[in-house]
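Since every read-out is calculated from the coordinates, none of them should be taken as a lab result. Just so it is clear, the model here is predicted, and its values are computed rather than measured. Glycine also receives a Cβ, built like all others from the backbone with ideal geometry; neighbour counts cover every protein chain displayed.
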Amino acid sequence: MSDYVRIFDTTLRDGEQTPGVTLTPEQKLELAIQLDRLGVDAIEAGFPAASKGELESVKLISEAGLRAEICALARAVKDDIDAAMRCNPNSIHVFFSTSDVHLKSVLKISYDEAIKRIEEAIEYTKLHGFICEFSPMDATRTNLNFLKQVCKVAERAGADRIDIPDTVGIMTPSSMYKLISEIKEVVKIPISVHCHNDFGLAVANTLAGIEAGAAQAHVTVNGIGERAGNAALEEVVLALHILYKKKTNINTSKIYATSQMVKRLTGVAIQPHKPIVGDNAFAHESGIHVKGVVIEPTSFEPFKPELVGRVRKIVAGKHAGKHGIKTILEESGLTPTEQQLAEIVRRIKELGDKGKTVTDTDVIAIARSIMEAPPAEKKVLDLKELAVITGTGVIPTSSVRLAVKGKDYIASETGVGPVDASLKAIQRITQNLAKVSLKEFRIEAVTGGSDAVAEVIVKVEDESGRVVSARGAREDIVMASVEAMVNALNKLLSRKIA
Ligand code: KIV
Ligand code: ZN
C-alpha cells in the first residue's frame, strides 16, 4: 500500500449539487484557483452537458493553466463525452449506473446492455486521448459479481482509474474495506472511493477504502454535496496525515481559507462544531480545558490549530475560569489584579447563567469598567438599589439607593427617559460632595443582539474644572449608565479624599 493518497476534489461538481447552490463560471474559477493552491491532485470542475454555464465553467478552468488535473463529468453517452471534450480538460469522469434498482427500475436495461454502453463510452473517451476515470454509479448496491465484471470491462476498455461511488451512503467502514479489497483483486488500475454522508459515515468509509488499498479519495470542501453531502476534504486529509501517517499534496495551512471561500461563495453555513473548520473546532471554554491548553496545548487539542490555518480561541462563558479570562484580557493588553480578575470572572459567570453568550468584546468591556473603577477600599459610593419606571403614559422616574461612605441615601428623580432620571437621582444624592456636570455620554452596544452588553462612557466635570471619564458595562443600558456615573464620581471623590 503506497503512502501517497491522491485527493480528487469534487466541490465544484458534486459540491455544487448541494440543494440551492449555483456558482457562476467566475466564482468556479476563483474556487478552482484556490483548490489548486491548496494542492488537490484533481479538480472535478463540472458537468459540461448539464448546461451552457457548466460548459463555460469547465472550459474556463481548463484554460486557466492550473497545476491540478482538471476533470469533466460525463454520463456514458456520446453527447455528454463530446460536451466534456469541448472544454479540453485533462480527464473525463464517465459514469453509468450499475445497481439493479437503477438498471431495472430507472433505466430499464439489461446487464449486457449496460456493459456495452460502458465499454463504448470508455473506448470513445480514450480514443480521443483523455485520461478516463470510470464510476459504476451506485456501486455499493450493485450485485458484487456484476460489479467485478463491470470493473474488468472498464479496465480492458482503457479506463485509467475506477471509482467506487457509495452513491446513497449506505456503507460501513468494514463493508467498504471488504468491497475495495474485493475490487482490488480483479483490477490493476488505481481505485478511487467516492462516499456520501447519509449516515454520517462518509469520512470513515473513505478512510476504510484507503486502508483497503484505494489510491484516491473523492472529497468536497466542508463536506458539501447532494443530500447529506460528501466526505469532507479537510477531515479526510487531516485524518490521513495524522492518524494514518499517509501523505497527500495538500498544504494544510490553506484549509481554513479555502473552507471560508467555499462558505462565502456557496452560502452554505458551517456547523460550529464541524471538525477542523467549524467555529468551535479550536475553541475552549471550560476552566479545566483552558487551564490545560494555556499550559500545554496538546492536553486538550489533537493538533495545533495553525496546522490548518487557524488560531486557538478562548471563549468566555459560565464555564470559564480565571485562566481563560486572563488569557483573553492579556491578548488585549489588559492585566487585571487578582481582585479585579475575580470580579470580572464573577460578572461573566453571572451573564452566562442568564443565558447570554459572552463574547471577547463583552469580556473586555466588563474588564475595563472594573479595572478603571477605584479599588473597593477607596470607593466613596456604592450603588445599593435602582428601580425605574418608564413607558407610555408615565413620566420616566428613577429611585436610587446609594451608600455614601457606608451610609445609605435614597433619591427619586424624573427625566426624559430612565437613564436621564437615574443620573439625576445620583447627582441629587452626591451634590453636597461634588457638584458635577455631564460633559459627554456615549452608549456602545458592543456585541449586537438586543441582549448585548452595552458599554457606556461618561465624562463629568466638577466645579473646580477637574474632568474624569469612566465606563460601565452591563447587559442593561440603564444599569451600564448608572455604573459609569458611579465610577466617575468615585474617581473624583477618591482623588479628593486622597
Ligand atoms: O455519487 C455518485 O454516484 C456520483 C457519480 C456521478 C459518481 O457522484
Ligand atoms: Zn456523488
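Under 5 Å between amide H atoms, partner at least 5 residues away or on a different chain: which partners does residue 453 have, H built in plane at 1.01 Å?
Amide H neighbours of residue 453, under 5 Å, 5+ apart: 446, 447, 448.
Using a Debye calculation, one point per C-alpha and no hydration shell, please list log10 I(q)/I(0) for region 283-372 at q = 0.10, 0.24, 0.26 Å⁻¹ in order.
Normalising to I(0) and taking log10 leaves -0.24, -1.18, -1.32.
Ordered by residue, what ³J(HN,Hα) values in Hz, to whole numbers, does region 31-39 give under the Karplus form 6.51 cos²θ - 1.76 cosθ + 1.60, where θ = phi - 60° and Gly and Pro are x?
Result, rounded to whole Hz: 5, 4, 4, 5, 4, 5, 5, 4, x.
Looking at the chain, send over the antiparallel percent of its DSSP beta bridges, to the nearest 5.
50
Tally Lys/Arg at +1 and Asp/Glu at -1 over every other residue whose Cβ is under 11 Å from the Cβ of residue 405; what's the total?
0
Note down the nm distance, to one decimal, between modelled labels 7 Å out along Cα→Cβ at residue 263 and at residue 298.
Calculated label separation equals 2.9 nm.
Tilt of helix 338-353 relative to the longest C-alpha principal axis of the chain, in degrees (0 to 90, nearest 10)?
60
Ordered by packing density, taken as the mean number of other Cβ atoms within 10 Å over each peptide's residues, highest first, how do 85-92, 479-486, 386-393 rank?
The densest-packed peptide leads the list: 479-486, 85-92, 386-393.
Taking neighbour Cβ counts within 10 Å as the exposure measure, how do 3, 82, 138, 462 sort from fewest upward?
3, 82, 462, 138
Between residue 410 and residue 311, what's the calculated FRET efficiency when r is the beta-carbon distance and R0 is 56 Å? Round to 0.05.
0.65
State log₁₀ I(q)/I(0) for region 138-217 at q = 0.13, 0.15, 0.24, 0.27 Å⁻¹ as given by the Debye formula over alpha-carbon point scatterers of equal weight, solvent excluded.
-0.32, -0.43, -1.10, -1.35
Can you pull the one-decimal nm distance between simple spin-label points at residue 431 and residue 111, each 7 Å off the Cα toward Cβ?
10.1
Only loop residues by DSSP count here, and only those with at most 15 other Cβ atoms within 10 Å; note down the trypsin sites (Lys or Arg not before Pro) in region 359-433 that meet that.
405
Using only Cα atoms, locate the centre of region 274-323 and the centre of region 430-484, then give the distance between them in Å, rounded to an integer.
Comparing the Cα centres of region 274-323 and region 430-484, I get a distance of 35 Å.
What percentage of all Cα-Cα pairs in the chain are separated by more than 37 Å?
48
Within a Cβ distance under 10 Å of residue 139, other residues only, what is the Lys/Arg minus Asp/Glu net charge?
My count for the surroundings of residue 139 gives -2.
Just to confirm the number: angle between the C-alpha axis of helix 477-497 and the first principal axis of the chain, 0 to 90 degrees, nearest 10?
Tilt relative to the chain: about 50 degrees.
How big is the gap, in Å, between the Cα center of region 225-262 and the Cα center of region 109-128?
33
Got a sec to turn the phi values of region 98-111 into Karplus ³J(HN,Hα) couplings, 6.51 cos²θ - 1.76 cosθ + 1.60 with θ = phi - 60°, whole Hz, x for Gly and Pro?
For region 98-111, the Karplus-derived couplings read 10, 6, 4, 4, 6, 5, 7, 8, 9, 7, 6, 10, 7, 4 Hz, x marking Gly and Pro.
Would you please give the residues with an amide H less than 5 Å from that of residue 143, counting only those at least 5 places away or on a separate chain, with H modeled from the backbone geometry?
100
Put +1 on the Cβ of every Lys and Arg and -1 on every Asp and Glu Cβ in the chain; which of 361, 25, 298 then has its Cα farthest towards the positive end of the dipole?
361
Stokes-Einstein diffusion coefficient for region 376-497 at 20 °C in a medium of 1.002 mPa s, Rh from the Kirkwood formula over Cα pairs: what value in µm²/s?
148
Among 62, 51, rank each residue by its count of other Cβ atoms within 10 Å, from fewest to most, as a rough exposure measure.
51, 62
I need the peptides 159-168, 101-110 ranked by packing, meaning the mean over residues of other C-beta atoms within 10 angstrom, with the highest value on top.
For the peptides 159-168, 101-110, the packing ranking is 159-168, 101-110.
Please name whichever of 393, 436, 454 sits farthest to the positive end of the charge dipole of region 376-497, dipole taken about the Cα centre and charges placed at Cβ: Lys and Arg +1, Asp and Glu -1.
436
Would you list 24, 98 from fewest to most Cβ contacts within 10 Å?
Least crowded to most crowded, the residues run 24, 98.
Between residue 247 and residue 143, take the C-beta separation as r, use R0 = 30 Å, and let me know the FRET efficiency to the nearest 0.05.
Calculated transfer efficiency: 0.25.
Between helix 173-186 and the chain, what is the angle of the helix's C-alpha long axis to the longest principal axis, kept within 0 to 90° and rounded to the nearest 10?
Between the helix axis and the principal axis of the chain, the angle is about 30 degrees.
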